[in-house]
Structure formats: C-alpha cells, structure tokens
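The values are calculated or read from the model by the stated rules, or taken from the named source; none is laboratory data. Keep in mind that what you see is a predicted model, and the values were worked out from it rather than measured. Every residue, glycine among them, receives a Cβ derived from its backbone with ideal geometry; neighbour counts consider all protein chains shown. All accessible areas refer to the heavy atoms of the entire protein, side chains included, with ligands and DNA or RNA removed. Shrake-Rupley method; radii C 1.70, N 1.55, O 1.52, S 1.80 Å.
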Amino acid sequence: MDSGSVAYLRDLLAETGWVERTRELGRALRTTRSPGGLLLVGTPDEEPWHLTAHLADEARLADLPQLAPTLVRWAPSAGAPPHLRVGLDRIRRTRRGETLFVVAEQKAPVPLLERVDDARRTGATILALEGADRELSGLAHDAIAIPANGPVSFDGAQHLVSAAAGEIPQRPGLRERLARLLDRVSGPRVAE
C-alpha cells in the first residue's frame, strides 16, 4: 500500500476513531530510545515481515533510527543474514527503554505470552496489534484489537500504524494557535 492509498484509507475512516487510535500507537512506537530497541514479533505461523519493512522505510524517511525494527523470529535459519537470525532469546534480553511490538492476528501462543510477560517485568514497553486476544492485550501497555468484521482489515491497520509512526508531529499554525487563544480568553460558549 503506497502513501496515497494510506491517505485514502484515512479519509474513509476519518469519522470512526480508527485514524486517531492508530496514530496513538504509532506515536508510542516512536518512544523507543535506541536503534535496535524496537522488537517486532509475530506468531510461529505469521511473522510480521511486511510491517517490519514499512517501519524500516519510515525510520529511514523520517530520520528516526530508533524506529528501525528488529524482526524477532521463531525459527531463524543459521545461514540467514544477521538481521534475519534474531531469535526469541532476544526477548529475554529486552530491557527498559526498549519496545516489544507483538503483531498477532490470531491468538498468541502461550510461549509468546510468557516471553511478553518477562519483557514487561524487565521494564520494556509492550505494544500489540492483535485480533481480539484478551491475554495479549492484558499484558500490553497499549494495544489495538482489530475485529475480523471491523471497518479496517488487519493489514490495513498495520499500514496505518506504520505510516503514523513515521509522521513528523505538526506544530499548530498561527491560525490554530490564535483560535485556541481566543477560546481561552473568551471563555466557554453559552447557548442562548
């Protein structure tokens, strides 16, 4: 999905609350303190390759090295390049200031939930994009549950979150700042 398609999807979802919710999760991803400290993990059947690639692009384009994700894999091949050899043991070494982002459309398996719980105890921030998994959302500091029949698909939500993570926060313009000032000075509006 290109940036034009993401913009179109945002327009379609503007009145639903989904855009703001995905922006909140995107901003939370940006709070990772150091390069390599954003860990993405999925389930044994669904590794978040696509989201990893989009976040890497956003990190490069927005010049946010801390947003460049580390893909954590269930069964990395020994002959794979170093960035594709990161296994679940990396979650055990997670520390404060790092973020573990769990992407699981289906129910997260117990071994993953145990590792997520361990990472949370060490002080890592836990974020999740999930398909209504109460156990996973209970462990996460922030999570978005994507219902199967909701207004946005799981894939669409990943695109919205990755695009939001790379957005540079806009400082309000002169008109917006003046409008806020006038609202404060004039007090609340009273209906007649």
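Could you grab me the full set of residues in the range 85-98 that are under 13 Å from Asp117 (Cα atoms) and touching a residue at least 40 places away in the same chain (Cβ under 8 Å)?
Across the range 85-98, the qualifying residues are Ile91, Thr94.
In the range 30-44, how many residues are open to solvent by 40 Å² or more (accessible area, probe 1.4 Å) and either of a type in the set (A, V, I, L, M) or closer than 17 Å to Ala140 by Cβ (or both)?
Number of matching residues: 2.
Go through the range 143-157 residue by residue and tally those that are part of a helix (DSSP H, G or I) and open to solvent by less than 50 Å² (accessible area, probe 1.4 Å).
3
Going by the conditions given, is Arg120 basic (Lys, Arg) and either closer than 20 Å to Arg23 by Cα or in contact with a helix residue (DSSP H, G or I) (Cβ under 7 Å, 6 or more places away or on another chain) (or both)?
yes
Within the range 79-104, how many residues are outside any helix (DSSP H, G or I) and open to solvent by 100 Å² or more (accessible area, probe 1.4 Å)?
Residues in the range 79-104 being outside any helix (DSSP H, G or I) and open to solvent by 100 Å² or more (accessible area, probe 1.4 Å): 4 in total.
Give the residues of the range 106-118 that are assigned to a helix (DSSP H, G or I) and either surrounded by fewer than 20 Cβ atoms within 10 Å (Cβ to Cβ) or among the small types (Gly, Ala, Ser) (or both), sorted by residue number.
Matches in the range 106-118: Val110, Pro111, Leu113, Glu114, Asp117, Asp118.
Taking Glu47, is it within 30 Å of Glu167 (Cβ to Cβ), open to solvent by less than 70 Å² (accessible area, probe 1.4 Å), of a type in the set (D, E, K, R) and free of Cβ contacts under 8 Å to residues at least 40 places away in the same chain?
yes
Can you find even one residue in the range 158-178 that is at pLDDT 75 or above, open to solvent by 30 Å² or more (accessible area, probe 1.4 Å) and among the basic types (Lys, Arg)?
Yes, some residue in the range 158-178 is at pLDDT 75 or above, open to solvent by 30 Å² or more (accessible area, probe 1.4 Å) and among the basic types (Lys, Arg).
Is it the case that the range 65-75 has a residue that's part of a helix (DSSP H, G or I) and more than 14 Å from the chain's Cα centre (by Cα)?
Yes.
State all residues of the range 119-142 that are within 12 Å of the chain's Cα centre (by Cα) and surrounded by 19 or more Cβ atoms within 10 Å (Cβ to Cβ); if no residue qualifies, say none.
Matches in the range 119-142: Thr125, Ile126, Leu127, Ala128, Leu129, Glu130, Ala140.
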